[in-house]
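Okay, structure first, notes after.
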Amino acid sequence: MLKLKSSFVYLVCLFILIILLSPANSAAQPPLKQKTISAHRAADYIHAVIETDRTIYSQYIVERLGETVSLKASENWDKTNALPLPAQFLMMSSKIVNSKNLGIKYRLMSLWPINKKNASRTKEEKVGLKKVALNPNQPYVWTVRKNGQVLFNAVYPDLAVTKSCVQCHNSHPRSPKRDFKRNDVMGGIYISFPISNMKKETAQNNLAVVPEVVADYVHAILEADRTVYAKHIVNRLQKKNIIYASENWWEENTLLLPAQFLLNASDLIKNMRLGLDYKLISLWPINQHNGPANRFERIGLETVASRPFRPYIGTTQIGNRSYFQAVYPDIAVTPACITCHNAHPKSPKHDFKLYDVIGGIVVSVPTGTD
Ligand code: HEC
Ligand code: HEC
């Protein structure tokens, strides 16, 4: 009898576990028919997300605060009161993303690295760096077979967008090159991910990825950059009383709030006109612009608020373009999230608790007209 009872309990537990872990069920959604995205496009989207966050960090944080309040960026940032270098920011977040085993990997490298770890690791990577140095208008791409998977690889050029890039590298004692000029190619961003479908082995145009996977990559990068920014820049420098984050960061020469970092990067991405889009929204927004814009976003927010396991997904059509959309939960991971939101005069909700879902990140990926 006892044995029967325990196996019944076991079955019930198993059943509950299956329900919780089943991806289709976790968002209470029927399976979605998804168009695929070409691997080239997917790489362009991923690169755009990495690049815009790199730009926001280099220009809105490092350049601006260096000029206005003499806050320095330094290689030894963790032992001083300085900001991490833009390259170190990228490397910290790429480490987080690479460790998630989602399939995507990326890093910064160069033919003339200050840090030897940032040299190319394979012959193809080196070829890629040389090609984008000669022709920065397009990425260099190739595929490899590894552990039964086909990996799509791309190198995008990394340009000297500000004069500080050039000044610092040319004068660095460990830099093997000292004649960089503004807008020169200084290195490359290497991106790699598995192909989910390949109709013809050799035809590059047939390399494709499922949009849900691309949205997961985009979300993982956004989340990693936000974590690095919140932890190593905002929280660390606030604790040391060096500088703080405030809503009116521009006027007050302060750090952007983590939400503003994400929202400003999202404006840059919209301007790139790739069709890729992401935003931070909530059912209880401090800024009314961040409320749900339509039925999909509202239901998505409601769904991830009660079941924050998998994103809420859907498709939509705007003009002749179709999009895959996913709403990911945005969780109050630190006490600062809830202290600030609960106390904010414009917040419509004042009883958030730690690990509550405060809102959601909506990622829209064009599945194209092609
Ligand atoms: C204040 C100095 C400084 C500034 C400003 C700076 N860098 Fe760097 N950069 C470094 C250092 C130091 C490293 C090596 C970091 C490490 O230890 O991995 C690096 C790494 C890199 C790398 C990887 C290859 C290598 O040299 O190790 C690239 C590419 C790069 N930087 C490009 C840029 C670009 C583009 C900018 C401007 C947006 C920039 N850097 C701004 C100092 C700087
Ligand atoms: C110091 C105050 C502060 C902290 C800390 C803070 N936020 Fe916010 N948050 C804001 C403000 C202000 C906005 C509105 C920004 C704007 O103008 O769009 C915002 C916006 C948001 C939004 C978009 C919806 C809205 O309310 O406008 C979400 C979601 C959000 N924050 C989640 C978080 C999470 C999660 C954390 C912790 C990881 C966090 N916030 C930390 C002040 C804060």
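Would you mind calculating the relative contact order of the stretch 37-215 from Cα pairs under 8 angstrom and at least 6 residues apart, reporting the percent as a whole number?
On the way: 267 pairs, mean separation 41.1, N = 179.
So the answer I get is 23 percent.
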For G359, distant residues with modelled amide H under 5 Å away: D330
Using the count of nearby Cβ atoms within 10 Å as a rough guide to exposure, how do H232, H344, H289 rank from fewest to most? H289, H344, H232
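Quick one: compute the contact order of the chain, relative version, from alpha carbon pairs under 8 angstrom and 6+ residues apart, as a percent.
Values: 588 pairs, mean separation 59.3, N = 370.
This gives 16 percent for the chain.
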Integer Hz, Karplus 6.51/-1.76/1.60 couplings in order for the stretch 260-268, x for Gly and Pro: 5, 4, 5, 5, 5, 5, 5, 5, 4
Ordering of 157-167, 114-124 by burial proxy (mean other Cβ atoms within 10 Å per residue, highest first): 157-167, 114-124
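Can you tell me the dipole magnitude for the chain around its Cα centre, using point charges on the Cβ only (Lys, Arg +1; Asp, Glu -1), in Debye to the nearest 20? Don't skip to the answer; put the middle values down first.
Values: 46 positive and 28 negative charges, 235 e Å.
Around 1120 debye, computed over the chain.
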Within a Gaussian network of the chain (alpha carbon springs, distance under 10 Å), most fluctuating of D225, D53, D267: D267
Residue-wise HN-Hα coupling along the stretch 178-184, computed from phi with Karplus coefficients 6.51, -1.76, 1.60 (Hz; x: Gly, Pro): 10, 10, 5, 10, 3, 6, 5
Name the residue, out of V327, V132, V209, whose mean-square fluctuation peaks in a Gaussian network model built on the chain with Cα pairs under 10 Å. V132
Out of the DSSP beta bridges found with both residues in the chain, what percent are antiparallel (nearest 5)? 95 percent
With x for Gly and Pro, the residue-by-residue ³J(HN,Hα) of the stretch 325-340, computed from phi through the Karplus equation 6.51 cos²θ - 1.76 cosθ + 1.60 at θ = phi - 60° and given in whole Hz, is 10, 9, 9, 9, x, 10, 9, 6, 7, 10, x, 4, 4, 7, 4, 5
Amide proton proximity set for L255, modelled H, under 5 Å, gap of 5+: Y244, A245, S246
When the chain is modelled as a GNM with alpha-carbon springs shorter than 10 Å, which of R64, R182, R273 fluctuates the most? R273
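Could you tell me which of the pairs K123/K146; K116/K181; K95/K231; K240/K346; K72/K163 are separated by over 19 angstrom between their Cα atoms in the structure shown? Before the final figure, lay out each step's value.
Numbers: K123/K146 16 Å; K116/K181 21 Å; K95/K231 15 Å; K240/K346 28 Å; K72/K163 15 Å.
Violating the 19 Å limit, Cα to Cα: K116/K181; K240/K346.
Among rounded, prolate and oblate, which fits the chain when a ≥ b ≥ c are the square roots of the eigenvalues of its C-alpha gyration tensor, a/c under 1.5 means rounded, and a/b larger than b/c means prolate? Intermediate results must be reported in sequence, preceding the final value.
On the way: a/c = 1.76, a/b = 1.21, b/c = 1.46.
Oblate, because a/c is 1.5 or more while a/b does not exceed b/c.
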Near K130, which aspartates and glutamates are there with a Cα under 18 Å away, not counting those fewer than 8 places off in the same chain? D158, D179, D184
Any residue on another chain or 5+ positions along whose placed amide H is under 5 Å from the amide H of D158 is listed here as M186, G187, G188, I189
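No value in this document is a laboratory result; all are computed from the given coordinates. Values in this document were obtained by computation on a predicted structure and should not be read as measured data. Cβ atoms come from the backbone with ideal geometry, glycine included; neighbour counts cover every protein chain shown.
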